[in-house]
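The structure under discussion appears below in the form of structure tokens.
The values are calculated or read from the model by the stated rules, or taken from the named source; none is laboratory data. Quantities reported herein were computed from a predicted structural model and do not represent experimental measurements. Note that each Cβ is placed from the backbone with ideal geometry, even for glycine, and that neighbours are counted across all protein chains shown.
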Amino acid sequence: MNRRNLNLLCAISVALAGATASPISALAQSSGASGAEQRWTFDGKIRNNSLAVSPDEGTAVVSYSDRPEVLVYDLRNGKVRSTLPGFVTPRNIVFEPSGKSFYISDSSLGTVTQVDTQTLEKRGTLPAGPGAFGTAMSKDGSTLYVNNQAASTVSRFDLKTGQPLAVITGFAQPRQGVRLSPDGASLYVTNFLGDKIIAVNTATNKIDGEITGFNKLRAISVTPDGKTIFAANSGSDTIAVVDVQKRVIASTIPVGKDPYGAALTPDAKQVYVGNLGDNTVSVIDVASKTVIANMTGFNEPRQAIVFSADAKTAYVLNKDLSIAKVDMVKHRVESTIGTAPKS
């Protein structure tokens, strides 16, 4: 067996071993699209959506974990370009920096699939193990980190070779939330159990600290200077402002009901918060740490919020996989791509 295959086998073995030991069942039955149809999923009770926009802002790729397909939008004409089949519970989507391909994690298949942006053909898969959720890519596109809820691990893949370079242990059911610091030196991983963020030193692939005190922790964002993390507390309807150096929650900001999103704008001046419970998006002014707008016109917005590079448009994913285009100056939905959200 060559080194690559051995490494891949090791990664799968670790993930599967963790899935067996996990208190959450690796396979849960859920209803399919039709009445009698059923599909087997990894923990179907956990629902999340994902939205990724290509660097040239011409393509959007979206998913909802209850739907076994992924939609690809042409943002220039506002139409669905294609529906990608073959998934079970798609969890997270991320484009590589060149925009030539994107990666889709699937917690039931236990893989991260690479798809060619132009042809929409599958280029290959990374064996992340059942429970593969959140993903984070390095700025140069050479490395992909994959959260594995079942194994309570984070796997580090070399995307040039497809080899797993490390399997980092010591987490407590990491799901969707995972972010790299702007300098790439630290990886911040949210943990469902214990409501905490665990920091990883990316040079050593070892845990070097944690931040606690959250309430149903969801999405996180890191400021460009690396000094502050904004984290969504869906249990207390707040956004936590974290002092990264001190590793404490410095303050909290009240927002809408059941916040999942905490997306920092490209200019780092605002944070957009998708409030699942009341179908709104709150806008936080970073300087004053106050809410300056509460926008309506959404359908169960979560953490899937992406911004245009010029910070003029925000794309917010709705439950039905339509995309609300938000005017970031006027703070209102200007149009919706796909099916309009229900009132």
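Below are the figures for this structure:
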| quantity | calculated |
| --- | --- |
| Strands (runs of 3 or more DSSP E) within segment 44-119 that include 2 or more residues at pLDDT 95 or above, under 16 Å from TYR145 (Cα atoms) and within 19 Å of the chain's Cα centre (by Cα) | 90-95, 101-106, 111-116 |
| Pick from segment 281-337, criterion touching a Gly at 6+ places or on another chain (Cβ under 8 Å), among the small types (Gly, Ala, Ser) and under 24 Å from GLN176 (Cβ atoms), ranking: surrounded by the most Cβ atoms within 10 Å (Cβ to Cβ) | ALA304 |
| Residue satisfying all of: in segment 238-269; assigned to a strand (DSSP E or B) and either closer than 22 Å to LYS312 by Cβ or of a type in the set (Lys, Arg) (or both); nearest to the chain's Cα centre (by Cα) among these | ALA263 |
| Count - residues of segment 83-124 that are surrounded by fewer than 15 Cβ atoms within 10 Å (Cβ to Cβ) and not charged (D, E, K, R) | 8 |
| Subset of segment 136-151 (residues that are surrounded by fewer than 22 Cβ atoms within 10 Å (Cβ to Cβ) and either touching a Gly at 6+ places or on another chain (Cβ under 8 Å) or assigned to a strand (DSSP E or B) (or both)) | ALA136, MET137, SER138, LYS139, THR143 |
| Inter-residue pairs, beta-carbon under 9 Å, first among the polar types (S, T, N, Q) and in segment 285-301, second surrounded by fewer than 17 Cβ atoms within 10 Å (Cβ to Cβ) and outside any loop (DSSP other than H, G, I, E, B), 6+ apart | THR296/ARG332 |
| Residue check for TYR272: closer than 20 Å to ASN215 by Cα, modelled with pLDDT of 95 or more and either in a loop (DSSP other than H, G, I, E, B) or not small (Gly, Ala, Ser) (or both) | yes |
| Within segment 229-249, considering residues that are farther than 14 Å from ASN275 by Cα and in contact with a Lys or Arg (Cβ under 9 Å, 6 or more places away or on another chain), the one surrounded by the fewest Cβ atoms within 10 Å (Cβ to Cβ) | GLN245 |
| Candidate set: segment 212-228, residues that are outside any loop (DSSP other than H, G, I, E, B) and among the hydrophobic types (A, V, I, L, M, F, W, C); chosen: the one surrounded by the fewest Cβ atoms within 10 Å (Cβ to Cβ) | VAL222 |
